[in-house]
Structure formats: structure tokens, C-alpha cells
Amino acid sequence: MSGIDKDLQCRELIAKAVVGKGHKFFSTTHTIIPSQTPSTILGCWIINTNFQAEKVGDAVEVSGTYDANLWFSFANNTQTEVKRETVKFSVLVPLTFFDKNSRGDLEIVARAVEQPKCVKAELSGGGTITIRVESEFVVEVIGETKVCVVVCNSCDDKDFHLLTDYEENSDEFDDFDSSTLLDELD
């Protein structure tokens with residue numbers, strides 16, 4: 001064992017990191033009852049989306065509201081109106097991985113990869129309209145975790161060469177695979 005190898009040690013660091021992730025596409029259907037009996041649907045759009053997220057068991061629950069604005073004609077297509085309805089939603093996003101050894105308070109971050117949007121609106125019986133809304137959410141759980149790193153006692157450049165000497169302009173550094181470092185030190 002060379003003098004450099006015996007100076008190398010493993011240390012545990014506590015770091016703030018992403019300790020869990022999840023992703024979910026969801027579709028939901030709502031029924032809207034306008035004040036007039038609709039003749040034709042002219043358009044539907046979703047605005048004012050607000051949501052928050054919290055960890056619930058092995059998943060993250062994303063819940064919030066959005067406004068569904070439905071534009072329709074009535075009275076044999078002679079008049080139009082916009083019906084605005086605030087809709088509550090909740091979706092459970094399963095975590096594809098979660099580090100159960102994480103410590104401290106967890107921070108939950110949720111992003112709408114695809115904002116809620118109306119993909120279908122159709123007339124239903126009795127003067128009601130059914131809309132289908134789709135959305136996609138990504139969640140991250142951030143917490144403290146342990147990271148094991150290799151450290152050395154000497155940081156003097158002239159004494160520190162891990163595997164081989166290399167020139168800065170050499171292509172050797174581009175081919176370096178750090179995953180083999182610990183195997184070669186044993």
C-alpha cells in the first residue's frame with residue numbers, strides 16, 4: 001500500500017438532498033350545470049390553478065382548486081354565456097423512490113408539468129355539461145441524508161495522484177470512471 005492510499009479515508013457528510021420523487025398523470029371528470037339549457041358548447045378553459053402538497057404515507061397528496069370557464073350558447077344558438085365554476089381536486093402521487101433514512105424536516109415540492117386543461121366537453125342529459133380535465137404533476141421530497149465520500153489528509157497537488165499522472169490537456173481525464181475508484185483502492 002502506498003503512502004497516498006493509506007491517507008485516503010471515507011467520511012460521512014450530512015447533506016440536504018432530494019430523498020424522494022414521484023410523477024403522476026391524472027384525468028378527472030366534472031359535471032357543470034349552467035343556468036340556461038345549453039344548445040352548443042363553444043369552449044372550455046381552465047384558469048387560476050392553485051395547489052399545495054404534503055407527504056401522506058408513501059405518497060404525496062397534491063390538492064387545490066382551479067376555475068373551469070365554460071362558454072356555451074343557448075336559446076337555439078341565439079345567445080351565449082360563460083359559466084365559471086371553482087373546482088376542488090386532489091391527486092395522490094406515489095413516490096417511485098424514498099430514502100427512509102432521511103432526517104430532519106421534509107420539504108415537499110410539487111410542480112405541474114402539464115397544467116390542468118380541459119380536453120373534452122360534451123352535452124349531457126338534463127341540460128348539464130360534462131368536462132374532462134387532464135393534468136400531470138411531479139413531486140420531490142427534500143430532506144437531510146448521509147453521503148459517504150472519499151477524503152485524503154493531504155491536498156497538496158504535487159503529492160496527490162489517485163490512479164495515474166495525467167496532463168491537463170490529456171484525454172485520459174475524459175475517460176475517468178469514478179465508480180471504479182473505491183474498487184481500485186481495496
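The values are calculated or read from the model by the stated rules, or taken from the named source; none is laboratory data. Owing to the predicted nature of the structure, the values given are computational and were not obtained by experimental measurement. Using ideal geometry, Cβ is built from the backbone for each residue, glycine included, and neighbour counts are taken over all protein chains shown. Only protein heavy atoms, including side chains, enter the accessible area calculation; ligands, DNA and RNA are left aside. Shrake-Rupley method; radii C 1.70, N 1.55, O 1.52, S 1.80 Å.
The figures follow:
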| item | result |
| --- | --- |
| Strands (runs of 3 or more DSSP E) (entirely within segment 68-156) containing at least 1 residues that are in contact with a Cys (Cβ under 6 Å, 6 or more places away or on another chain) | 103-123, 129-151 |
| Hey, Cys10 at pLDDT below 95 and either assigned to a strand (DSSP E or B) or at positive phi (or both) or not | yes |
| Hits in segment 20-43 - residues which are hydrophobic (A, V, I, L, M, F, W, C) and open to solvent by less than 30 Å² (accessible area, probe 1.4 Å) | Phe26, Ile32 |
| Segment 86-116, residues that are surrounded by 12 or more Cβ atoms within 10 Å (Cβ to Cβ), among the basic types (Lys, Arg) and more than 18 Å from the chain's Cα centre (by Cα) | Arg103 |
| Criterion violated by Thr40 - all others in (1) of a type in the set (Val, Ile, Thr); (2) within 17 Å of the chain's Cα centre (by Cα); (3) within 22 Å of Leu123 (Cα to Cα) satisfied | (2) |
| Residues satisfying the stated conditions in segment 53-76, i.e. surrounded by 15 or more Cβ atoms within 10 Å (Cβ to Cβ) and farther than 29 Å from Glu122 by Cβ | Ala53, Lys55, Ala59, Val60, Glu61 |
| Condition broken by Val133, with the remaining ones in (1) β-branched (Val, Ile, Thr); (2) under 18 Å from Ile47 (Cβ atoms); (3) out of contact with any Pro (no Cβ under 7 Å at 6 or more places or on another chain); (4) surrounded by 14 or more Cβ atoms within 10 Å (Cβ to Cβ) satisfied | (3) |
